[in-house]
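These notes are about the structure you will find just below.
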Amino acid sequence: MQNVARTQFIIDGNYTRKGFAHLAMHGVEDNYYIMDFVALATYVASVVEAETGLRCVYCEKKVYMGTNAQTDLGNQSYYRALDEAGFTRSTFNLRCLDSKSPYPTLKEEAVDTTIAFEVAKTFYSKPRDERFNTLVLYAGDGDLVPVVQGLQADGVRVFVIYYDFKTATATTRASQALLEAADKVISISSLLDERVSKQIKSIFRPTEFPHLSITEAISLWAESEREEKASKPDTFVLTREILEEQIEECRQDGEGWVLGAQLGKQIEQVMGCKLPVKLRPELEKYPTVFETKDSPAFSVRIRKDTANQKQRPKVVIIKKKKEEV
């Protein structure tokens, strides 16, 4: 039934986060703001209703974005603002392009492609009378133009929210092609300039100080990683005795073979962390003790003449000796 504006509200999280961070970190004329997505969704609904003459009903509110443990530190207030507004998150791993840098360049993978795919799938997988007839995109990428035009051909009204701004190091601008393809655009910059009506003012909650930048968050994350490593005990030495003992603890086939992957997991369980070294080279240090094979999978067993020797006493994990100062 199409007597309401059934609205799909989709956010490109990485694009929107830049604007959110800009308002919180750099502000406008020395005023800093936290964007209120609850108020934004309410305002957008009023615009949809004014443009369509139908009552706006959000059938889904979703954000797609790339993230990782580093950037998550600087995204907490952003996540809270989205969660309060009822946006569900679909996240992708950010890939580090320069791991040697203390502030590595991060690349998101397939976010815009996924937005286009998921929006189209949601629309075309439903019966005609259950499809959304209004799409709100808070995004700025021109790659979304084809899906916008395709949905418009099927009667969907498309509203695009965008925020153009400059910092000392970069400029963020929405694609002109995307703005021209939309039925209606909503400029965050224009809303900031207006800030007269109570409804628009409620979108931008004043805050008294700049919030943590992503660069600062990454620096804190790196420091916490160093502190965590410093607090851990010394890495143990993977001795022959430990290898033998853990092979015996693993499930073996009729000929005594143990899968290398299984042995690795067994040792990691004893360690309580990832193996600090590759398992194969450690085993190959003792050719008279261990026998290995690669087919059908990398496997190891204790050589029969070694296995038949007198029962060895149990061994314990041996710690590296601390270097003398």
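Throughout, read-outs are computed from the coordinates displayed, never taken from laboratory work. Everything numeric here is computed off the predicted structure, so don't read it as measured data. Please note: Cβ atoms are built from the backbone with ideal geometry, for glycine as well, and neighbour counts cover all protein chains shown.
Of 278/304; 126/201; 18/62, which sit over 26 Å apart, Cα to Cα?
Result: 126/201 exceed 26 Å.
Length gained on full extension, residue 269 to residue 169: 31.3 nm, using 0.36 nm per residue less the C-alpha separation. Computed over neighbours whose Cβ is under 9 Å from that of residue 184, the net charge equals -1, Lys and Arg +1, Asp and Glu -1.
Give me the extension gain from residue 28 to residue 84: residue separation times 0.36 nm, minus the current Cα-Cα distance, reported in nm with one decimal.
On the way: separation 56, 0.36 × 56 = 20.16 nm, distance 2.40 nm.
My answer for the length gained is 17.8 nm.
PRE reach from residue 38 (point 7 Å along Cα→Cβ): which of the stretch 194-208 fall under 12 Å by backbone N? Inside the label zone: 203.
Each label point was placed 7 Å from the Cα along the Cα-to-Cβ direction; for residue 295 and residue 47 their separation is 6.6 nm.
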